[in-house]
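Take a look at the structure set out below.
Rule-based calculations on the coordinates, nothing more; no lab input. Treat the numbers as computed from the prediction; the structure is a model and nothing was measured. Here Cβ is always computed from backbone atoms with ideal geometry, including for glycine, and neighbour counts include all displayed protein chains.
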Amino acid sequence: MKFIKNIFATVLLCCLCGGAFAQEQEQEQYQDYFKVTAKADTTRIRIGEPVKVNLTAKVMLYALKGANIKVIFPNIPDSANHIEIVERSQLDTTGTDENQKIWRQAVTFTSFDSGRWELPPMKFEVYSVTDGSYDSVFTDPIFIDVSTVAVDTTKAFKPIKPLRVVKFNWLDYWFYFLGGFLLITLIVLYFTMWRNRKKAPKPIAVVPAKPPFELALEALAKLEKEQPWQTDVKGYYTELTGVLRTYFEQQFNIPALEQTTAELMNDIKPVTILNQQRNEIYSILSLADLAKFAKLQPTPQEHEDTLRKAVAVVEWTRASAMPKTELPVNGTNQ
């Protein structure tokens with residue numbers, strides 16, 4: 001009976017120990033759901049030689065029950081503690097399956113200072129997008145021994161070699177030759193075209209087909225025929241004074257179209273043949289100004305008298321544009 005009790009106790013103890021061991025293994029398995037490593041291909045280099053460090057991050061997906069995981073690799077500075085980064089590779093997810101997800105990256109370092117330098121622990125971060133949980137893991141530090149080039153001090157120093165003279169090769173300067181050739185070509189073409197360019201023709205003065213007095217008399221005859229004062233008094237006097245002012249400008253080079261009556265009367269003083277008709281010209285212009293600007297309503301007789309005076313002024317002054325054989329004799333028109 002005692003023997004049976006011992007066997008039962010032994011079996012019960014084995015079951016308890018086995019369950020505890022299995023539970024411990026399961027807890028250990030779930031605690032290591034996020035593993036990171038940093039392995040260098042060498043820890044001894046000469047100045048300037050590369051050191052390739054392989055970074056690996058592994059997440060056990062079955063331990064996270066379908067969580068959406070995001071892994072953040074270490075933010076390594078380009079230069080720190082005498083060690084500089086030469087190159088970083090892209091993240092690689094080779095080896096990922098439904099149970100685990102693996103990220104790999106290779107970072108190449110170098111150093112230009114001799115000594116023993118530490119690549120400090122690198123921080124990996126894992127973040128669960130599903131529930132917002134966060135964790136971080138550090139790698140072990142990596143020590144890199146950087147040595148200089150060995151110098152054999154038992155041998156004598158060699159003399160400095162003299163400078164070598166390199167022969168001139170025009171192919172090394174073809175770009176400059178081509179640029180100079182193009183510049184000279186452009187200069188020659190510019191001066192050739194500049195010398196052979198056609199000179200702009202001089203503007204030809206437009207000479208009226210008819211002399212100014214004929215044009216003025218034709219315009220006054222048209223006014224006499226149409227009699228515009230019957231419907232538009234202001235327009236009639238505007239057109240009448242316009243004919244006279246245009247005639248004065250073309251015949252005597254007086255800027256009559258741009259002048260007031262007072263300015264025009266002052267400018268005709270030096271022109272003897274115009275000054276002889278001073279009273280008639282002033283009478284025409286002053287009445288026209290009153291009709292245009294003061295709303296004066298001249299009588300029908302005044303309309304016709306003003307037109308006759310304008311014709312008389314043109315007829316009198318036309319002698320300035322006629323040959324001397326046709327000039328008025330004894331103050332009368334021929």
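Coupling constants for region 148-156 follow from the phi torsions by the Karplus curve (6.51 cos²θ - 1.76 cosθ + 1.60, θ = phi - 60°), and in residue order they are 8, 6, 5, 10, 7, 6, 7, 8, 6 Hz; glycine and proline get x. Under a model in which nothing but the beta-carbon of Lys, Arg (+1) and Asp, Glu (-1) is charged, region 31-147 shows a dipole of about 160 debye around its Cα centre. In this structure the amide hydrogen of Gln100, modeled in the peptide plane, comes within under 5 Å of the amide hydrogens of Leu61, none closer than 5 places in sequence on its chain. The HN-Hα couplings worked out from phi for region 248-262 by the Karplus form 6.51 cos²θ - 1.76 cosθ + 1.60 (θ = phi - 60°) are 5, 5, 6, 7, 10, 6, 9, x, 5, 5, 9, 10, 7, 4, 5 Hz, whole numbers, x standing for Gly and Pro. Computed from phi, the 3J(HN,Hα) profile of region 214-223 under the Karplus parametrisation 6.51, -1.76, 1.60 (θ = phi - 60°) reads 5, 5, 5, 5, 5, 5, 5, 5, 5, 5 Hz, with x in place of Gly and Pro. Overall form of region 31-147: prolate. Here a/c, set by the Cα gyration tensor axes a ≥ b ≥ c, is 1.5 or more, and a/b is the larger of a/b and b/c. Centre-to-centre separation between the Cα atoms of region 74-135 and those of region 287-305: 104 Å.
Taking amide H atoms as placed 1.01 Å from N in the peptide plane, the amide H of Ile72 lies under 5 Å from those of Glu125, Val126, Tyr127, each 5 or more residues away in sequence or on another chain.
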